[in-house]
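S.K.: Quick one: the structure is below, and I'll ask about it shortly.
The values are calculated or read from the model by the stated rules, or taken from the named source; none is laboratory data. Please read these numbers as outputs of a predicted model, since none were measured by experiment. Cβ: placed from backbone, ideal geometry, glycine included. Neighbour counts: every protein chain shown. Each accessible area value is taken on the protein alone, full model and side chains, heavy atoms only, with ligands, DNA and RNA left out. Shrake-Rupley method; radii C 1.70, N 1.55, O 1.52, S 1.80 Å.
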Amino acid sequence: TPLPRLMTQSYNSIAVGRTDGLHSTGLTNVTAYGPGRSKPDLVAPRETSSAATSTTSGVATLLHSVVTGSDANKSEVMKAMLMAGATKNEFPTWTRTTTQPLDDTFGAGEVNVYNSYLMTVGGRYVGTTTPETPVGSHGWDYQSILPGSENALKYKFSIAEGSTAPELSILLTWNVNVSSGFGSQTLANMDLTLTDSLGQIVDQSLSTVDNVEHIYLTNLAAGDYTLSINSDTIRDFGLAWRMSTLYDTPSADFDQDGDVDGRDFLVWQRGFGTLINAARDQGDANGDGAVN
């Protein structure tokens with residue numbers, strides 16, 4: 001459009017478009033703010049970009065009120081939760097590549113307050129150089145990372161046997177350091193890599209021009225996976241993720257005694273209302289982690 005592009009191209013912000021795609025799109029071209037990045041970051045189902053932006057601001061405000069007092073209220077984590085929670089089902093043409101983490105038109109997808117809220121429910125999981133315990137299906141982290149592969153921070157993801165993950169969305173973001181005004185920013189280069197139990201690379205996000213990295217996978221098979229974050233400099237970051245799962249064979253036999261009876265109903269009744277990370281013996285019949 002003939003309007004100035006300056007603010008929509010900034011790093012430490014969220015540029016918002018419309019779900020119908022009728023907004024300025026493509027790669028950034030303001031040299032001082034790093035050309036070649038996809039914008040917008042998110043879209044929302046409103047009739048103008050201004051209304052879509054205010055809607056997304058409202059979602060951010062709600063999330064911020066939930067996590068007040070924790071590191072989840074950092075701008076990096078807020079941005080990560082908003083973008084990791086975004087949905088892609090509305091966009092048959094949505095795509096990303098290893099070096100371009102966001103879609104040219106729809107960014108990370110359509111903002112979804114419930115998906116992002118579940119990450120606040122999941123809570124913080126601290127990445128380490130030698131992780132031992134798998135993270136939950138939804139969660140976040142905020143910390144600083146040191147440069148070098150030996151300092152890579154890692155997170156274990158586990159999909160139980162007899163289950164599949166229809167969707168895994170991971171978003172890493174960090175702020176550009178601005179020392180003395182326009183044109184003085186310093187961009188750290190961070191990467192995301194997901195490997196399987198054999199150490200084989202499943203997916204990567206390796207942009208050299210963005211301050212976001214995004215991995216999005218569907219129909220991930222059962223097994224253990226490791227997410228690694230690498231950086232070329234010391235920098236704090238926000239990380240957020242959501243993973244949906246389903247049992248290959250649904251069943252309401254929660255006590256696994258071969259029938260579905262009153263005892264199973266009692267298990268379901270006691271677990272009712274659990275939003276994430278519920279097991280079958282807690283009343284989850286289809287493996288999505290919720291008892292509903």
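S.K.: Among all residue pairs at least 6 apart or on different chains, which show Cβ distances below 6 Å where the first residue, located in segment 104-118, is touching a residue at least 24 places away in the same chain (Cβ under 8 Å) and the second is among the charged types (D, E, K, R)?
M.R.: Gly107/Asp41; Gly109/Lys88; Glu110/Glu90; Asn115/Arg242
Residues are listed down the side, and each one gets a yes or a no for (1) open to solvent by 50 Å² or more (accessible area, probe 1.4 Å); (2) part of a strand (DSSP E or B):
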residue: Pro166; (1), (2): no, yes
residue: Leu172; (1), (2): no, yes
residue: Ala188; (1), (2): no, no
residue: Ala252; (1), (2): no, no
residue: Asp257; (1), (2): yes, no
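S.K.: Here is a further query. Which residues, taken from segment 57-69, are open to solvent by less than 70 Å² (accessible area, probe 1.4 Å), closer than 30 Å to Ser184 by Cα and either touching a residue at least 12 places away in the same chain (Cβ under 8 Å) or acidic (Asp, Glu) (or both)?
M.R.: Within segment 57-69, just Ala60 meets the criteria.
S.K.: Consider Gly17 against the criteria (1) part of a strand (DSSP E or B); (2) on the phi > 0 side of the Ramachandran plot: it satisfies all of them except one. Which criterion is unmet?
M.R.: It is condition (2) that Gly17 fails.
S.K.: Let me confirm something: among Ser38, Ser54, Ser24, which residue is at pLDDT 85 or above, within 22 Å of the chain's Cα centre (by Cα) and open to solvent by 50 Å² or more (accessible area, probe 1.4 Å)?
M.R.: Working: Ser38 fails: open to solvent by 50 Å² or more (accessible area, probe 1.4 Å); Ser24 fails: within 22 Å of the chain's Cα centre (by Cα).
Exactly one residue qualifies, and that residue is Ser54.
S.K.: Something else: Those residues that are within 20 Å of Ser13 (Cβ to Cβ), of a type in the set (Val, Ile, Thr) and touching a His at 6+ places or on another chain (Cβ under 9 Å), I need them from segment 98-137; list them, please.
M.R.: Thr105, the sole residue that qualifies.
S.K.: In segment 269-280, which residue that is over 24 Å from the mean Cα position of the chain (by Cα) and within 24 Å of Thr120 (Cα to Cα) is most open to solvent (accessible area, probe 1.4 Å)?
M.R.: Residue satisfying both the conditions and the ranking: Arg270.
S.K.: Go through segment 105-117 and report how many residues are open to solvent by less than 60 Å² (accessible area, probe 1.4 Å) and either touching a helix residue (DSSP H, G or I) at 6+ places or on another chain (Cβ under 7 Å) or part of a loop (DSSP other than H, G, I, E, B) (or both).
M.R.: Matching residues across segment 105-117 total 7.
S.K.: Looking at Gly162 and the list (1) in contact with an Asp or Glu (Cβ under 9 Å, 6 or more places away or on another chain); (2) farther than 27 Å from Pro250 by Cα; (3) in contact (Cβ under 8 Å) with a residue 24 or more places away in the chain, which single condition is not satisfied?
M.R.: (2)
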